[in-house]
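Enquirer: What follows is a structure written as structure tokens; I'll ask about it next.
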Amino acid sequence: MKEIGQTASQLTDPNSDVPTMTFKVTSIQPITCDATYATQPTGTIIGINLEISTTSNFSGPLIVDGQEGMISFSPYHWKGYAANGTRMNKVDSPAVQGCLSDESKLLPSYMGKGEQLNGLVLLDVTSPTGEVSYDPSGGGGWVWKYPSA
């Protein structure tokens, strides 16, 4: 389990073990949707603030519009777990898609090599406390408790 705002997580080049992407969750907090036509969430909307940096050698696990080497922090790549350990059926919903009036606070859908980003991922979780995990390629991932202090 990763601590909020502590050491950064990394993805490395499989041929050299050199880090090509670092990312850090700096906070996980409940979000109040302020968009004019925001959809009612299923549970609680949480905002996960991330700082992400990729090198010029980064190659992510996704192919987007024919471009290889991309990565996404979109809700699709996250899972939620209630405080009792029960996995949530999903953490993506129409509510996270139109929650904020200022969408510039959100991370882009995909990113590639040589980028530095700081922004939010929104998840619709069914319990006010629990854990979320990020697993971009289905081969294991990282877990954080929410909400963070």
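Only the coordinates and a few stated rules stand behind these numbers; no lab work does. Keep in mind that this is a model prediction, so the values were computed, not measured. Note that we place each Cβ from the backbone using ideal geometry, even for glycine, and neighbour counts take in every protein chain shown.
Enquirer: For the chain, what is the calculated [θ] at 222 nm in deg cm²/dmol (nearest 500), taking -39500 (n - 2.57) for each run of four or more DSSP H residues and dividing by its residue count?
Expert: Result for the chain: -500 deg cm²/dmol, rounded to the nearest 500.
Enquirer: Next up: Hey, any idea what Rg/Rh is for the chain, computing Rh the Kirkwood way over Cα pairs?
Expert: 0.96
Enquirer: Another question, if that's okay. What does the charge count around LYS105 come to, taking other residues whose C-beta lies under 15 Å from its C-beta (Lys +1, Arg +1, Asp -1, Glu -1)?
Expert: Here the count lands on -4.
Enquirer: Straight distance only, please: which lysines reach the Cα of LYS90 with their own Cα at less than 21 Å, same-chain residues fewer than 8 apart left out?
Expert: Once the sequence-local lysines are set aside, what remains near LYS90 is LYS79, LYS145.
Enquirer: What number comes out for the charge environment of PRO61, summing +1 per Lys or Arg and -1 per Asp or Glu over other residues with Cβ under 15 Å away?
Expert: -2
Enquirer: Pick out which of VAL96, VAL64, VAL121 has the largest mean-square fluctuation in a Gaussian network model of the chain, springs linking Cα atoms closer than 10 Å.
Expert: In this elastic network of the chain, the residue with the biggest mean-square fluctuation among VAL96, VAL64, VAL121 is VAL64.
Enquirer: If the reach is capped at under 20 angstrom between alpha carbons, list the aspartates and glutamates near LYS24, excluding any in the same chain fewer than eight residues apart.
Expert: GLU3, ASP13, GLU51, GLU115, GLU131, ASP135
Enquirer: Name the shape class, rounded, prolate or oblate, that the alpha-carbon gyration tensor gives for the range 70-149, where a ≥ b ≥ c are the square roots of its eigenvalues, rounded holds for a/c under 1.5, and otherwise prolate holds if a/b is larger than b/c and oblate otherwise.
Expert: In terms of gyration-tensor shape, oblate.
Enquirer: Let me ask another. Would you work out the relative contact order for the chain, in percent, from Cα pairs under 8 angstrom that are 6 or more residues apart?
Expert: 29
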